[in-house]
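These notes are about the structure you will find just below.
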Amino acid sequence: MTVNLKEFQHRRALLLRQMGAGIAIIPTAAEAIRNRDSHYPYRFDSYFYYLTGFAEPESVLILIGGDVTKNEPPKSILFCRDKDIEREIWDGFRYGPEAAQTQFGFDEAYTIQQLDVLMPELIGNQAQLFYSLGADQHWDARVTGWLNIVKNKARMGISAPQSILDVRQLIDTQRLIKTPFEIDLMRRSANIAASAHNRAMRFVADNLAKATLMEYAVEAEFLHEFYRHGAQAPAYTSIVAGGANACTLHYNANNAELKKGDLLLIDAGCELDGYASDITRTFPVSGKFSAPQRDLYELVLNAQLAAIEAVNPGNHWNTPHEVALNVLVQGLIDFKLCKGSLEEVLESGSYRQFYMHRTGHWLGLDVHDAGEYKDNKGDWAILEAGHTLTVEPGCYVRPAENVPEHFWNIGIRIEDDVLVTASGNEVLTKNAIKTVADIEAHMAHGAPEMRLAS
Ligand code: GLY
Ligand code: MN
Ligand code: MN
């Protein structure tokens, strides 16, 4: 993990400034048991990690707003696992409070065993509590217990917080605009995922003639490429969907045999130091698009390119979706998949038979990242420099009476990760091959450009 002390201290300082008076409680995620004494790979809570850079389980961040009247500055406190040589022999290194405090820049640090003892004291006389009530029943019960202890001290002149505010809302606003440090990580995450998609195309081309080729064998190429470049995990369960499977939006069985005449849709991205990439590419298993496959592919690609053009500061969140939808619907009419004028099809929504999802989402620590899409008046969010989002139109044609047979079972999605810049946008995933000509050339000969940008 990359520790950047100043970056994380700055994030905590910003949140403390927004909080004013009060105390914030931000626990990390619990470890999850897979079966008996085996655990799922551990993933920290994104809010906790955003404010700490600390990746160990059993940790809690406490932020206490300063009190100018008492000349008390704000402070950040970490509770974490104690050093434990015996446990470290089994499970590996842990910082312990002393090293965590200096290396991660907290004002104070204590062992997690001290949490129940110290929290009622820390909560007492704080005007507001910032906490994500309802996110986790276990933590809700624990925090309620501390509040009850504080309430029982009323006769001693100690007061409990008057209000409980959702700390996530404040952090979400901060998380929405990525810092240069985050953008650098997201570029690197995007480059690794792009390289994996390019690798998968070559893998299919190289292995098709030799053996039965299964979706999971292609998925393995992604895992190989992710891990060898230092990504810690896939950012979500990869979708490797051949032929008709691509028309199931969340298909992830990934256990069917690939057929030569089919398209293969792959939605896969990695997580690097917490940051997700999210790429979808669709390509012909044989290395050559058939005419109907190419028609629909170029339609989706044109919709995607037009939508990316619309990712500009000042445009609202929904503009890229509207732009993509207009291109797609006109194409569906031209190919006789929808009937009526552009306005009629948009109005009736009959296009939803073929395009039933939206064109993107915020991207960051979470693949579907934190942040509102509308403001509190109900208007779409306005795109700003530092926003990162996906642009991912698609077209999914299931067999149906109203559909020409040559389009049946074609499922296509093309997804890139885009950063809004001061002057327009930067496609973070631009190294993933996507034009018809580039895909066919890459599958025939191998692309000249398969290196990772440094
Ligand atoms: N891979 C998840 C998504 O595209 O939204
Ligand atoms: Mn996505
Ligand atoms: Mn995706």
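Averaged over its residues, region 68-197 has an accessible area of 54 Å² per residue, based on protein heavy atoms and a 1.4 Å probe.
Dividing the summed helix terms, -39500 (n - 2.57) for each DSSP H run of n ≥ 4, by the number of residues in the chain produces a 222 nm estimate of -11500 deg cm²/dmol to the nearest 500. The residues neighbouring TYR275, those whose beta-carbon lies less than 12 Å from its own, together hold a net charge of -4 under the Lys/Arg +1, Asp/Glu -1 convention. Between amide H atoms placed 1.01 Å from N, distances below 5 Å from ILE279 occur with ALA268, GLY269, all of them 5 or more places distant or on a separate chain. Accessible area of ASP140 (1.4 Å probe, protein heavy atoms only, ligands and nucleic acids ignored): about 30 Å².
The distance from the alpha carbon centre of region 344-378 to that of region 228-254 is 21 Å, rounded to a whole number.
Hey, what did region 238-391 get for relative contact order, percent, Cα under 8 Å, at least 6 apart?
Values: 212 pairs, mean separation 29.1, N = 154.
For region 238-391, the relative contact order is 19 percent.
For a straight C-alpha distance cut-off of 12 angstrom, the aspartates and glutamates reachable from LYS434 (same-chain residues fewer than eight places away being disregarded) are GLU298, GLU415, ASP416.
Given LYS210/LYS260; LYS6/LYS75; LYS288/LYS339; LYS6/LYS178; LYS210/LYS259; LYS75/LYS151, which pairs have Cα atoms separated by over 19 Å?
On the way: LYS210/LYS260 12 Å; LYS6/LYS75 15 Å; LYS288/LYS339 30 Å; LYS6/LYS178 15 Å; LYS210/LYS259 13 Å; LYS75/LYS151 24 Å.
As for pairs spanning more than 19 Å Cα to Cα, those are LYS288/LYS339; LYS75/LYS151.
For region 327-372, the set of GluC sites (Glu not before Pro) satisfying both a DSSP loop assignment and a count of at most 16 other C-beta atoms within 10 Å is given as GLU372. Summarising the label geometry, the points placed 7 Å from Cα in the beta-carbon direction at GLN103 and ARG294 lie 5.6 nm from one another.
Grab the Cα-Cα distance for GLN174 and ARG358, subtract it from 0.36 nm times how many residues apart they are, and report the gain in nm with one decimal.
Numbers: separation 184, 0.36 × 184 = 66.24 nm, distance 2.41 nm.
Result: 63.8 nm gained on full extension.
Rolling a 1.4 Å probe over the heavy atoms of the protein chains gives region 313-454 an accessible area of 47 Å² per residue.
Ordering 246-258, 87-99 by mean Cβ neighbour count within 10 Å, with the highest value first, yields 246-258, 87-99. Summary of the geometry: region 290-336 and region 128-206, compared by the centres of their Cα atoms, lie 34 Å apart. A straight chain from GLN18 to ASN255 at 0.36 nm per residue would run longer than the Cα-Cα distance by 80.4 nm. When each of the peptides 12-23, 318-329 is scored by how many other beta carbons lie within 10 Å of its residues on average, the order from highest to lowest is 318-329, 12-23.
Which percent, to the nearest 5, of DSSP beta bridges fully inside the chain are antiparallel? Working shown, then result.
Values: 43 of 52 bridges.
Here the antiparallel bridges make up roughly 85 percent for the chain.
If R0 is 35 Å, what FRET efficiency do you get for LYS374 and GLN137 from their C-beta distance, rounded to 0.05? For LYS374 and GLN137, the calculated efficiency is 0.75. Rounded to the nearest Hz, the phi-derived 3J(HN,Hα) couplings of region 34-41 under the Karplus curve 6.51 cos²θ - 1.76 cosθ + 1.60 (θ = phi - 60°) are 8, 6, 6, 9, 9, 9, 5, x, where x marks glycine and proline.
Its relative contact order, with pairs defined as Cα atoms under 8 Å and 6+ residues apart, puts region 1-94 at 27 percent.
Give the peptides 222-234, 54-66, 410-422 in descending order of average Cβ contacts within 10 Å, highest first.
On the way: 222-234: 18.2, 54-66: 20.6, 410-422: 22.4.
Ranked by mean Cβ neighbours within 10 Å, highest first: 410-422, 54-66, 222-234.
Pop the C-beta distance of LYS430 and SER163 into the FRET formula with R0 = 51 Å and round what comes out to the nearest 0.05. The computed FRET efficiency comes out at 0.65. Stretching GLU309 away from TRP90 to a fully extended chain increases their span by 73.6 nm, per 0.36 nm per residue minus the current alpha-carbon distance. Rounded to the nearest Hz, the phi-derived 3J(HN,Hα) couplings of region 413-429 under the Karplus curve 6.51 cos²θ - 1.76 cosθ + 1.60 (θ = phi - 60°) are 9, 10, 10, 10, 9, 10, 9, 7, 10, 4, 10, x, 7, 10, 7, 5, 9, where x marks glycine and proline.
Along region 229-242 the Karplus relation, 6.51 cos²θ - 1.76 cosθ + 1.60 evaluated at θ = phi - 60°, assigns HN-Hα couplings of 9, x, 5, 8, 6, x, 6, 6, 5, 5, 9, 10, 10, x Hz to successive residues, with x for each Gly and Pro.
Apolar share of the accessible surface for the chain: 51 percent from carbon plus sulfur atoms, 1.4 Å probe.
The values are calculated or read from the model by the stated rules, or taken from the named source; none is laboratory data. What you see is a predicted model; the values in this text were computed from it and never measured. Positions of Cβ are generated from backbone atoms using ideal geometry, with glycine treated the same way; all protein chains shown enter the neighbour counts. In case anyone asks, the SASA skips ligands and DNA or RNA and just uses the protein heavy atoms, side chains included. Shrake-Rupley method; radii C 1.70, N 1.55, O 1.52, S 1.80 Å.
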